[in-house]
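Structure, as structure tokens:
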Amino acid sequence: DETEESKQEISPKEDAVETVSAEEKDPEVIGAHKNLNDAAVPLEMERKGSDVYIKMTSQITDIEIEKGYNYKAWTFNGEAPGPLVVVNEGDTIHFTLENLDPAIPHSMDFHAVHTAPDKGFADVMPNEEGTFTYQASKPGVFMYHCGTDPVLSHIANGMHGVIIVQPNDGYPTDDEVDREYAIIQNEWYRYNDLDDMTNGVPSQVVFSTKALDEGQPNTNGTVTAVKNEPLLAKVGDKVRLFVNNVGPNEVSSFHVVGTIFDDVYIDGNPANHMEGMQTVMLPASGGAVVEFTVKEEGVYPFVTHQFNHATKGAVGYIKVTAD
Amino acid sequence: DETEESKQEISPKEDAVETVSAEEKDPEVIGAHKNLNDAAVPLEMERKGSDVYIKMTSQITDIEIEKGYNYKAWTFNGEAPGPLVVVNEGDTIHFTLENLDPAIPHSMDFHAVHTAPDKGFADVMPNEEGTFTYQASKPGVFMYHCGTDPVLSHIANGMHGVIIVQPNDGYPTDDEVDREYAIIQNEWYRYNDLDDMTNGVPSQVVFSTKALDEGQPNTNGTVTAVKNEPLLAKVGDKVRLFVNNVGPNEVSSFHVVGTIFDDVYIDGNPANHMEGMQTVMLPASGGAVVEFTVKEEGVYPFVTHQFNHATKGAVGYIKVTAD
Amino acid sequence: DETEESKQEISPKEDAVETVSAEEKDPEVIGAHKNLNDAAVPLEMERKGSDVYIKMTSQITDIEIEKGYNYKAWTFNGEAPGPLVVVNEGDTIHFTLENLDPAIPHSMDFHAVHTAPDKGFADVMPNEEGTFTYQASKPGVFMYHCGTDPVLSHIANGMHGVIIVQPNDGYPTDDEVDREYAIIQNEWYRYNDLDDMTNGVPSQVVFSTKALDEGQPNTNGTVTAVKNEPLLAKVGDKVRLFVNNVGPNEVSSFHVVGTIFDDVYIDGNPANHMEGMQTVMLPASGGAVVEFTVKEEGVYPFVTHQFNHATKGAVGYIKVTAD
Ligand SMILES: [Cu+2]
Ligand SMILES: [Cu+2]
Ligand SMILES: [Cu+2]
Ligand SMILES: [Cu+2]
Ligand SMILES: [Cu+2]
Ligand SMILES: [Cu+2]
Ligand code: NA
Ligand code: NA
Ligand code: NA
Ligand code: NA
Ligand code: NA
Ligand code: NA
Ligand SMILES: [Zn+2]
Ligand SMILES: [Zn+2]
Ligand SMILES: [Zn+2]
Ligand SMILES: [Zn+2]
Ligand SMILES: [Zn+2]
Ligand SMILES: [Zn+2]
Ligand SMILES: [Zn+2]
Ligand SMILES: [Zn+2]
Ligand SMILES: [Zn+2]
């Protein structure tokens with residue numbers, strides 16, 4: 001009939017997106033957050049045998065994505081990406097989320113664990129805390145993120161990070177490796193604008209590095225973070241990077257200029273070994289361990305070779321000096 | 001010279017797209033289809049030894065992508081994605097396409113077979129039928145689709161599906177698996193709008209499930225299909241999903257919340273074994289077998305972790321109950 | 001404070017992109033290039049043992065991307081993609097770049113080598129030449145490209161190509177292969193428009209083929225290049241393609257219609273063997289060796305199965321004739 005046919009002619013896009021919960025800038029949440037800028041609260045972590053007790057916060061904290069441009073991020077512990085978590089294969093994680101956000105619930109979804117999501121990744125209400133227990137049974141470089149609806153808003157506003165689960169038997173190439181760093185790729189969109197997050201292109205695509213050991217740099221995801229303070233290595237080193245592309249939307253073509261990956265472990269699992277790769281394909285939320293040798297003094301950039309994203313910020317530096 | 005230089009200043013994009021056959025909403029085809037809404041015709045399949053006789057239709061049928069929004073899809077057998085086809089490695093397929101569309105030709109391109117495309121995947125004219133013979137010589141989770149020009153219109157309007165070719169020697173993990181389901185990801189664009197299909201972003205990204213066994217759900221690709229009627233499993237089950245991302249345009253970062261893939265077979269070939277993956281990268285038309293264990297009662301969503309697409313509908317549920 | 005908060009409301013996107021060096025059409029460079037259309041200068045290559053002496057040019061040359069549409073490309077040697085380079089694993093490359101562009105510097109970044117990028121891939125000034133030495137220590141199908149800032153402009157304007165490093169021990173399937181071809185996928189954007197390159201969608205996505213042996217076709221990346229002059233094979237042949245997706249921005253879902261890849265070597269490394277694949281995921285700058293059998297006479301198209309890109313030109317043909 002006329003009515004039904006004419007519906008075919010009208011674009012469903014806007015309605016469609018609304019139906020599945022996209023919304024534009026949310027004035028209520030923006031208003032509730034506008035005077036917040038909480039200082040970063042350090043991650044708490046304590047081990048008793050293979051039981052690991054981790055406490056994190058969800059909090060609203062400004063992140064300076066570009067010089068002079070502060071993004072009022074939704075964060076874990078005041079960092080975006082959130083703090084690096086490192087545990088061992090087989091550990092039991094006792095995780096507490098303290099939600100310091102007075103306005104909306106948040107939650108934690110660790111890709112490293114087995115749990116029923118509606119229970120183990122449940123929402124924690126504003127000004128409350130929740131504790132959850134689960135096991136990290138597989139080694140790898142896993143994403144974590146807030147899983148509260150609308151998930152895209154929570155991830156894109158900054159609630160993402162990485163948990164490394166160290167393999168009990170190590171990697172076959174452990175003996176060859178001289179230095180290790182952790183690198184994360186993420187995108188930024190217009191502030192709290194779910195329509196831009198859903199239908200737009202990223203405003204910035206960035207790298208951050210998170211300290212694996214004391215003394216290593218630990219940064220947020222900004223357009224200059226790993227340029228201003230490069231990763232360091234010595235001539236002849238085999239460097240290992242733990243990388244994850246936390247998205248929320250784009251895939252990554254991870255590449256280090258001036259070298260080739262001798263060894264790659266897809267998602268960081270020792271069983272998924274590849275060799276001699278110029279570039280590693282990372283799905284959204286995908287990880288890898290990549291290893292490469294730097295043979296001369298100089299500066300080696302790493303990029304996503306999707307160069308529109310490199311142009312938007314996704315470049316970092318490794319500075320190699322003589323022994 | 002002046003003329004040639006000025007050509008450089010003018011965008012070639014619109015012309016370029018026209019040249020390679022993109023067009024906007026096609027009023028002739030839309031007009032010819034507008035009163036059609038054929039009831040789904042069941043797939044016919046008969047086996048004689050390793051000869052399999054399959055008959056499918058091409059037909060115009062409304063698919064309710066979202067509540068109240070009907071898309072006048074170009075379909076195989078009135079489903080979009082079309083019916084699941086399951087054969088054995090080494091089978092000879094005798095395939096008949098009955099084209100019930102009075103307006104335009106359609107065809108069938110099975111990724112599972114070896115054939116000369118200009119013969120084996122040839123167009124079948126309106127109101128005619130065509131029969132083709134070829135072999136399914138490799139195991140896997142393969143896409144099929146209409147290959148009639150403009151191919152993007154035929155796929156994006158709904159003419160896609162999956163053919164599983166079962167490996168003669170099975171998968172190494174067959175003994176561990178308790179349940180199997182088939183899952184397909186596809187995108188929808190503005191109705192029959194080749195310009196949106198070519199240059200736009202999807203209106204919806206969706207999952208469907210297709211019955212592998214009697215009693216399993218069998219759905220179209222809609223924003224709620226595998227939410228309203230979740231896949232079922234029991235605590236402790238190892239679940240196997242046969243997945244394919246039929247596109248037409250987007251890649252997929254396939255992930256199940258609350259678990260990790262114990263075993264993955266890329267494109268469904270037993271030789272391509274990976275382990276311990278959080279997320280599997282599926283190219284457009286790529287498949288995989290993924291297996292994971294669900295250890296607690298609850299609801300486990302699966303998504304493409306490209307979260308703009310999840311926001312547009314690409315979420316399904318697995319409901320896990322106690323034994 | 002009021003000022004800082006209101007900044008949150010203003011889109012950072014345009015500023016952000018500027019900060020990280022995107023700019024719109026650059027009138028100075030366009031002006032300097034507008035009367036240039038240098039004839040292609042052949043690649044020079046000479047071997048002395050495992051020392052290989054390669055000389056290439058950077059030059060401005062029109063490429064007819066579509067019939068009647070000339071793009072004033074920034075090229076290596078007047079081709080876009082540039083000439084195919086083939087060396088052996090372990091070779092030392094002595095590379096000279098002669099920059100025939102009077103306006104801007106160019107450079108060379110071979111993904112096949114180990115070098116400090118700020119030295120080995122350094123800029124060569126207009127009308128100058130530079131010589132660099134490095135080793136090709138890993139086998140594979142590697143991208144090369146200009147690495148001069150802004151890199152996206154230099155790649156997207158045409159400065160990309162492929163270097164194959166042949167494995168010393170060959171591929172396990174060498175004995176089965178009857179024919180070999182090299183195929184490259186690249187995108188084109190609006191002429192020298194870094195904003196379109198950064199935020200737009202490609203105007204054209206194309207394939208080219210580069211001659212591995214004398215007598216084979218050698219084309220630029222145009223919408224008809226590998227259609228007008230198809231690759232040739234005989235019934236029963238196992239065909240090997242060396243493929244690379246040089247981007248600059250998009251990933252590729254490489255597929256040959258009518259067959260299945262018997263064997264795939266990711267990034268062209270013999271260690272990264274996969275089997276029975278319908279489609280291979282290529283990151284931006286990713287390569288592969290893919291092998292397949294053509295069993296019947298006819299025309300077999302190859303595509304990226306991201307069909308919006310196929311619609312924009314990314315289709316080539318393999319013509320198979322009887323013995
Ligand atoms: Cu949150
Ligand atoms: Cu997740
Ligand atoms: Cu069709
Ligand atoms: Cu296909
Ligand atoms: Cu250049
Ligand atoms: Cu590069
Ligand atoms: Na944006
Ligand atoms: Na070393
Ligand atoms: Na759309
Ligand atoms: Na079980
Ligand atoms: Na464009
Ligand atoms: Na042969
Ligand atoms: Zn809205
Ligand atoms: Zn190396
Ligand atoms: Zn190795
Ligand atoms: Zn038009
Ligand atoms: Zn598991
Ligand atoms: Zn296994
Ligand atoms: Zn500008
Ligand atoms: Zn085959
Ligand atoms: Zn093989």
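The values are calculated or read from the model by the stated rules, or taken from the named source; none is laboratory data. What you are looking at is a predicted structure, and each value in this text was computed from that prediction instead of being measured. In this analysis, Cβ positions are derived from the backbone assuming ideal geometry, glycine residues included, and neighbour counts consider all displayed protein chains.
Taking the stretch A:102-125 as the search range and keeping residues that are within 11 Å of chain B (Cβ to nearest Cβ) and more than 21 Å from the chain's Cα centre (by Cα), which one is surrounded by the fewest Cβ atoms within 10 Å (Cβ to Cβ)?
Per the criteria, the residue is A:Lys119.
Residue check, C:Leu231 against (1) within 24 Å of B:Asp118 (Cβ to Cβ); (2) of a type in the set (A, V, I, L, M); (3) at the interface with another protein chain (Cβ under 10 Å from one of its Cβ atoms), all met but one. Which one?
That leaves (3) as the condition not met.
Restricting attention to the stretch B:34-62, which residues are among the polar types (S, T, N, Q) and in a strand (DSSP E or B)?
Selection gives B:Thr57, B:Ser58, B:Gln59, B:Thr61.
Among the residues of the stretch B:196-219, which ones are of a type in the set (Ser, Thr, Tyr) and within 8 Å of another protein chain (Cβ to nearest Cβ)? Spell out the reasoning first.
Going through the stretch B:196-219, the residues of a type in the set (Ser, Thr, Tyr) turn out to be B:198, B:203, B:208-209, B:219.
Correct list: B:Thr198, B:Ser203.
Give the residues of the stretch B:289-309 that are aliphatic (A, V, I, L, M) and at the interface with chain A (Cβ under 7 Å from one of its Cβ atoms), sorted by residue number.
Across the stretch B:289-309, the qualifying residue is only B:Val299.
May I ask you to list pairs of residues, at least six apart or on different chains, whose Cβ atoms are under 6 Å apart, with the first in the stretch B:171-200 being under 16 Å from B:Val141 (Cβ atoms) and the second being within 16 Å of ligand 20 (Cβ to nearest atom)?
Sorted first by the residue in the stretch B:171-200, then by its partner, the pairs are B:Tyr171/B:Pro270.
Mind checking which pairs have a first residue in the stretch C:256-269 that is on the phi > 0 side of the Ramachandran plot and within 14 Å of chain A (Cβ to nearest Cβ) and a second that is away from ligand 19 (no atom under 16 Å from the Cβ) and part of a strand (DSSP E or B), Cβ under 6 Å, 6 or more apart or different chains?
C:Asp267/A:Met277; C:Asp267/C:Gly140; C:Asp267/C:Gly287; C:Gly268/C:Gly140; C:Gly268/C:Val141; C:Gly268/C:Gly287; C:Gly268/C:Val289
Could you list, in sequence order, the residues of the stretch B:126-176 that are within 16 Å of ligand 21 (Cβ to nearest atom) and within 11 Å of chain C (Cβ to nearest Cβ)?
B:Ser137, B:Lys138, B:Pro139, B:Gly140, B:Pro167 - these are the residues of the stretch B:126-176 that are within 16 Å of ligand 21 (Cβ to nearest atom) and within 11 Å of chain C (Cβ to nearest Cβ).
Among the candidates B:Gly147, B:Gly161, B:Gly82, B:Gly90, single out the residue that is modelled with pLDDT of 95 or more, more than 16 Å from ligand 14 (Cβ to nearest atom), part of a loop (DSSP other than H, G, I, E, B) and buried (at least 24 other Cβ atoms within 10 Å of the Cβ).
From the options B:Gly147, B:Gly161, B:Gly82, B:Gly90, the qualifying one is B:Gly82.
Hey, can you tell me all the residues within the stretch B:209-229 that are among the charged types (D, E, K, R) and modelled with pLDDT under 95? Please lay out each step first, then the result.
Step one: list which residues in the stretch B:209-229 are among the charged types (D, E, K, R), which gives B:210, B:213-214, B:227, B:229.
Listed by number, the residues that qualify are B:Asp213, B:Glu214, B:Glu229.
Buried (at least 20 other Cβ atoms within 10 Å of the Cβ), at the interface with chain B (Cβ under 8 Å from one of its Cβ atoms), within 26 Å of A:His255 (Cα to Cα) and of a type in the set (A, V, I, L, M, F, W, C), is that true of C:Val251?
Judged against the criteria, C:Val251 is a match.
Output yes when any residue across the stretch A:104-119 is in a strand (DSSP E or B), away from ligand 14 (no atom under 16 Å from the Cβ), in contact with an Asp or Glu (Cβ under 8 Å, 6 or more places away or on another chain) and on the phi > 0 side of the Ramachandran plot, and no when none is. Lay out the reasoning, then the answer.
Our first condition is that a residue be in a strand (DSSP E or B); within the stretch A:104-119, this holds for A:106, A:109-110, A:114.
Right, trim to away from ligand 14 (no atom under 16 Å from the Cβ) and you get A:106, A:109-110, A:114.
Those left that are additionally in contact with an Asp or Glu (Cβ under 8 Å, 6 or more places away or on another chain): A:106, A:114.
Filter again for on the phi > 0 side of the Ramachandran plot, leaving none.
No, the conditions are met nowhere in the stretch A:104-119.
Report yes if some residue within the stretch A:271-279 is buried (at least 24 other Cβ atoms within 10 Å of the Cβ), more than 12 Å from chain C (Cβ to nearest Cβ) and within 18 Å of A:Tyr171 (Cβ to Cβ); otherwise report no.
Looking through the stretch A:271-279, none of the residues is buried (at least 24 other Cβ atoms within 10 Å of the Cβ), more than 12 Å from chain C (Cβ to nearest Cβ) and within 18 Å of A:Tyr171 (Cβ to Cβ).
Restricting attention to the stretch B:133-144, and to residues there that are buried (at least 20 other Cβ atoms within 10 Å of the Cβ) and closer than 22 Å to B:Ser50 by Cβ, which single residue is nearest to ligand 16 (Cβ to nearest atom)? Step through it out loud before you land on a result.
First pass over the stretch B:133-144, keeping only residues buried (at least 20 other Cβ atoms within 10 Å of the Cβ): B:134, B:136, B:138-144.
So of that shortlist, the ones also closer than 22 Å to B:Ser50 by Cβ come out as B:134, B:136, B:138-142, B:144.
Working: B:Tyr134: 36, B:Ala136: 39, B:Lys138: 40, B:Pro139: 42, B:Gly140: 37, B:Val141: 36, B:Phe142: 33, B:Tyr144: 29 Å.
The extreme case among them is B:Tyr144.
Return the pair list, or none, for Cβ contacts closer than 6 Å from residues in the stretch C:111-129 that are more than 22 Å from A:Thr279 (Cβ to Cβ) to residues that are of a type in the set (D, E, K, R) and surrounded by 17 or more Cβ atoms within 10 Å (Cβ to Cβ), at least 6 apart or on different chains.
From residues that are more than 22 Å from A:Thr279 (Cβ to Cβ), the pairs are C:Pro126/C:Asp101; C:Glu129/C:Glu98.
Return yes when A:Gly170 is within 28 Å of A:Val264 (Cβ to Cβ) and touching a Pro at 6+ places or on another chain (Cβ under 9 Å) and no when it is not.
On the way: within 28 Å of A:Val264 (Cβ to Cβ): yes; touching a Pro at 6+ places or on another chain (Cβ under 9 Å): yes.
For A:Gly170, the condition - within 28 Å of A:Val264 (Cβ to Cβ) and touching a Pro at 6+ places or on another chain (Cβ under 9 Å) - is met.
If you check C:Gly31 against the conditions, is it without any contact (Cβ under 8 Å) to a residue 24 or more places away in the chain and either closer than 30 Å to A:Phe207 by Cα or not in a strand (DSSP E or B) (or both)?
yes
Test A:Val201 against the criterion of being away from ligand 20 (no atom under 16 Å from the Cβ), assigned by TED's automatic domain parsing to the domain that holds A:Gly268 and not in a loop (DSSP other than H, G, I, E, B), and give yes or no.
no
Any residue at all in the stretch C:63-79 that's more than 14 Å from every other protein chain (Cβ to nearest Cβ), surrounded by 18 or more Cβ atoms within 10 Å (Cβ to Cβ) and either part of a loop (DSSP other than H, G, I, E, B) or within 16 Å of ligand 19 (Cβ to nearest atom) (or both)?
From the stretch C:63-79, those more than 14 Å from every other protein chain (Cβ to nearest Cβ) are C:75-79; that's our starting set.
Filter once more, so that each one left must be surrounded by 18 or more Cβ atoms within 10 Å (Cβ to Cβ): C:75-79.
Then drop every residue that is not either part of a loop (DSSP other than H, G, I, E, B) or within 16 Å of ligand 19 (Cβ to nearest atom) (or both), which leaves C:77-78.
Looking for residues that are more than 14 Å from every other protein chain (Cβ to nearest Cβ), surrounded by 18 or more Cβ atoms within 10 Å (Cβ to Cβ) and either part of a loop (DSSP other than H, G, I, E, B) or within 16 Å of ligand 19 (Cβ to nearest atom) (or both), one finds at least one in the stretch C:63-79, hence yes.
Condition check ((1) touching a Phe, Trp or Tyr at 6+ places or on another chain (Cβ under 8 Å); (2) more than 26 Å from B:Thr259 (Cβ to Cβ); (3) in the same structural domain as A:Lys227 (by TED's automatic domain parsing)) across all residues:
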residue: A:Glu66; (1), (2), (3): no, yes, no
residue: A:Asn70; (1), (2), (3): no, yes, no
residue: A:Thr75; (1), (2), (3): no, yes, no
residue: A:Glu79; (1), (2), (3): no, yes, no
residue: A:Val87; (1), (2), (3): no, no, no
residue: A:Gly90; (1), (2), (3): no, no, no
residue: A:Ile93; (1), (2), (3): yes, no, no
residue: A:Asp109; (1), (2), (3): yes, no, no
residue: A:Ala112; (1), (2), (3): yes, no, no
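From (1) free of Cβ contacts under 8 Å to residues at least 60 places away in the same chain; (2) under 26 Å from C:Tyr189 (Cα atoms), pick out the condition that doesn't hold for C:Asp51.
(2)
Looking at the stretch C:222-244, is at least one residue closer than 30 Å to A:Ser203 by Cβ and in contact with a Pro (Cβ under 7 Å, 6 or more places away or on another chain)?
No.
Going by what's in this entry, would B:Ser252 be described as touching a residue at least 40 places away in the same chain (Cβ under 8 Å), in contact with a Leu (Cβ under 6 Å, 6 or more places away or on another chain) and over 18 Å from B:Val177 (Cα atoms)?
Against the criterion (touching a residue at least 40 places away in the same chain (Cβ under 8 Å), in contact with a Leu (Cβ under 6 Å, 6 or more places away or on another chain) and over 18 Å from B:Val177 (Cα atoms)), B:Ser252 qualifies.
Quick check on A:Tyr144: is it within 16 Å of B:Ile260 (Cβ to Cβ) and within 20 Å of the chain's Cα centre (by Cα)?
Numbers: within 16 Å of B:Ile260 (Cβ to Cβ): yes; within 20 Å of the chain's Cα centre (by Cα): yes.
So A:Tyr144 fits the description; yes.
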